Amino acid sequence: MITVKFFASLREAVGHDHVTLDADTLPRLRSALAERLSKEAQQALWADGVRLAINQQFLASDWRTCDDSVGPSAEIAFLPPVTGG
């Protein structure tokens, strides 16, 4: 089981600060999120600029298409695009 955390506006879109899912790869994570979350929450997570970290390390590639493993008991964090100026 992995813990998936949502920060800032993504937490608001999802309606939870975290969920626990059974997934050991990014394709399985995407599938589990699609099954569990509303269409609006999915749109927020799949939006351009959303960053994903696995065990506090940012993923260098696009999580939406990557096939990486996430490991048992991983902590996944979704962070919204950074804005400012």
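Only one of the listed values, [x] 0.93; [y] 1.19; [z] 1.50, was derived from the coordinates as Rg/Rh (Cα atoms, Kirkwood Rh); which label is it?
Answer by label: [x].
What number, rounded to the nearest 500 deg cm²/dmol, is the helix-based mean residue ellipticity at 222 nm of the chain, given -39500 (n - 2.57) per DSSP H run of at least four residues and division by all its residues?
-7500 deg cm²/dmol
Once you have the Cα-Cα distance between D24 and C66, take 0.36 nm times their residue separation minus that, and quote the gain in nm to one decimal.
Using 0.36 nm per residue and subtracting the Cα-Cα distance, I get 13.8 nm.
Towards the positive end of the charge dipole of the stretch 1-78, with charges on Cβ (+1 Lys, Arg; -1 Asp, Glu), say which of P72, Q56, Q42 has the farthest Cα.
Result: Q42, furthest along the dipole toward the positive end.
Every number in this text was worked out from the coordinates using simple rules, so none of it is lab data. Just so it is clear, the model here is predicted, and its values are computed rather than measured. Virtual Cβ from ideal backbone geometry, glycine too; neighbours counted across all protein chains shown.
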